[in-house]
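Notes follow once the structure below has been shown.
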Amino acid sequence: MKFGLPSFAGAASRPVPGLAQRSRMMEYDQPLVWVVVLLMLFGMVMVYSASISLPDSRKYANYTNHHFLVRQATFIGIAIMAGLFAFRVRIETWQKWAPYLFVGVLVLLVLVLVPGLGKGVNGAKRWLSFKVFNLQPSELMKLMMVLYAADYTVRKQEYMHRLTKGFLPMAAALIIVGLLLLLEPDMGAFGVIVCIAMGILFLGGINGIWFGGIAATLVGIFSLVIMLSPWRRERIFAYMNPWEEENALGKAYQLSHSLIAFGRGEWFGVGLGGSVEKLHYLPEAHTDFLLAVIGEELGFVGVLVVVAMFYWIVKRAFEIGRHAIAMDQTFAGLTAKGIGIWIGVQAFINMGVNLGLLPTKGLTLPLMSYGGSGVLINCVGLAILLRIDYENRVLMRGGRV
């Protein structure tokens, strides 16, 4: 009997099956990319469904039925290109420019309030008009706050337990941003920005006593703002009892029709395009209350899918941040977690408003609601998250970024 010896030289020269493919697949987080793209495309379909009947009203009489669909598709295309550009920028560069970008967006927030420059919609002055595109600086500030707070925490790490050098400078920055946003007014964006800053400071190791003090102070400020603002106070009371006749026809009109939409949807919805509430009953159905249309047309199952996708993005952001911090990339890690906080908090507030769990706020559903500034900045932020993950993978292989 003859025994043939294997050719080890030949085996060594042949590539291991699947190794090259696995290496290519690990260059970036493909599942994260697909979830983000699917959310944007799903949002585009629902924006079309929610806005198709708007030209029947006097306000949108000059619009075509597919006006918002075309614009949303254009926004998504621009956002993807901006995201590809942002992905190519090293995280070290983002850290270097974070303070300057923060100041630059502060200037934009001031320009919004200048007569003749800022554009007002529904009583709120939040946009800078560039003819074909309206820029909302408050959306930019959410991303800039992530970068600035992460950079601040890294730079001031040894002072994070001190009042004067650790807490007060960041508090001053938040107060300035808050005053500018409340003058627009945009309390919803301010709430998200506060959560971003507080979350990053907490993760960065700020003194527990100061953190508790900040939280208590902010709760007091928000309560005072509501008490001193009659229309905000009326909205809070209306949210607590939306079915009272005066509220249902007044301050809680949107909320009551949003809840009706969810009720009509039941488990599996009335079918795509079959919503009744979008037929001029539910205001802003294609922006702030897009989830209500999803609930009516696709039911509890459709809403659950959206919630699960956002949960997965936030979970993945914290995992990427944890890996970065484990490799001593503290700024990258805090930025990744900050992006997770930003997307998670804004999605939670929008969903809470739609479901009647929170008072009505002018916050869109990230990646899905109609709007150029929101989709653009969301894509840039998630591209930075992908870049952090990419650099993590390069470093784990022993490479250089």
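What is segment 100-193's relative contact order, in percent, from Cα pairs under 8 angstrom and six or more apart in sequence? Show your work: numbers first, answer last.
On the way: 89 pairs, mean separation 26.5, N = 94.
Relative contact order here is 28 percent.
If you average the sequence gap of Cα pairs under 8 Å that are 6 or more apart and divide by the length of the chain, what percent do you get for the contact order?
Averaging sequence separation for qualifying contacts and normalising by length gives 24 percent for the chain.
Please compute, over every Cα-Cα pair in segment 295-359, the percentage with a separation greater than 14 angstrom.
The calculated P(r) of segment 295-359 puts 63 percent of pairs beyond 14 Å.
Going through the DSSP H helices of the chain, which span 27 Å or more along their own axis at the Cα atoms while scoring at least 0.0 as a mean Kyte-Doolittle hydropathy?
TM-like helix candidates: 30-51, 67-87, 91-112, 208-228, 290-326, 330-354, 372-396.
Taking the Cα centre of the chain as origin and charging only Cβ (+1 Lys, Arg; -1 Asp, Glu), how large is the dipole, in debye to the nearest 20?
1320 debye
As a test of the formula, what do you get for the chain when each DSSP H run with n ≥ 4 contributes -39,500 (n - 2.57) and the sum is divided by the residue count, at 222 nm and rounded to the nearest 500 deg cm²/dmol?
Mean residue ellipticity at 222 nm (helix-derived): -22500 deg cm²/dmol.
Which of Lys119/Lys361; Lys165/Lys337; Lys59/Lys125; Lys131/Lys361; Lys59/Lys142 have a Cα-Cα distance over 22 Å? Could the numbers behind the result be given before it?
Working: Lys119/Lys361 19 Å; Lys165/Lys337 24 Å; Lys59/Lys125 19 Å; Lys131/Lys361 27 Å; Lys59/Lys142 31 Å.
Listed pairs above 22 Å: Lys165/Lys337; Lys131/Lys361; Lys59/Lys142.
Which number do you get for Rg(Cα) / (2.2 N^0.38 Å) in segment 41-124?
For segment 41-124, the normalised Cα radius of gyration is 1.53.
Show me the three semi-axes of the equivalent ellipsoid for the chain, from the C-alpha gyration tensor (sqrt of 5 times each eigenvalue), largest first, rounded to whole Å.
Rounded to whole Å, the semi-axes are 39, 30, 20.
If you project the alpha carbons of segment 148-292 onto the principal axes, what extent comes out on each, in Å, largest first?
58, 35, 25
Within the chain, what whole-number % of the accessible surface is contributed by carbon and sulfur, with the 1.4 Å probe and all protein chains included in the calculation?
67 percent
Based on the mean of other Cβ atoms within 10 Å per residue, sort peptides 359-368, 213-222, 329-338 so the most packed one is first.
Details: 359-368: 24.5, 213-222: 13.9, 329-338: 26.5.
Listed from highest to lowest mean packing, they are 329-338, 359-368, 213-222.
Determine Rg/Rh for segment 110-187; Rg is computed over alpha-carbon atoms and Rh is the Kirkwood hydrodynamic estimate from the same atoms.
Taking Rg over the Kirkwood Rh, I get 1.10.
Please give the Cα centre distance for segment 300-378 versus segment 217-257, rounded to the nearest Å.
Distance between centres, Cα-based: 25 Å.
Suppose every Lys and Arg Cβ carries +1 and every Asp and Glu Cβ carries -1, with no other charges. What dipole size does segment 214-348 come out with about its Cα centre, to the nearest 20 debye? Don't skip to the answer; put the middle values down first.
Details: 10 positive and 12 negative charges, 98 e Å.
Computed charge dipole of segment 214-348: roughly 460 debye.
If I take R0 = 22 Å and measure r between the Cβ atoms of Leu179 and Phe133 in this structure, what FRET efficiency does the formula 1/(1 + (r/R0)^6) give, to the nearest 0.05?
0.25
What's the ranking of 166-173, 153-160 by average number of surrounding C-beta atoms within 10 Å, highest first?
Sorting 166-173, 153-160 by mean packing, highest first, produces 166-173, 153-160.
Sorted by packing (mean other beta-carbon atoms within 10 Å per residue), highest first, where do 84-94, 311-321 land?
Highest-to-lowest ranking by the protection proxy: 311-321, 84-94.
The values are calculated or read from the model by the stated rules, or taken from the named source; none is laboratory data. Here the structure is a predicted model, which means the values were calculated and not measured. Here the Cβ is made from the backbone with ideal geometry for all residues, glycine too, and neighbour counts use every protein chain on show. Each accessible area value is taken on the protein alone, full model and side chains, heavy atoms only, with ligands, DNA and RNA left out. Shrake-Rupley method; radii C 1.70, N 1.55, O 1.52, S 1.80 Å.
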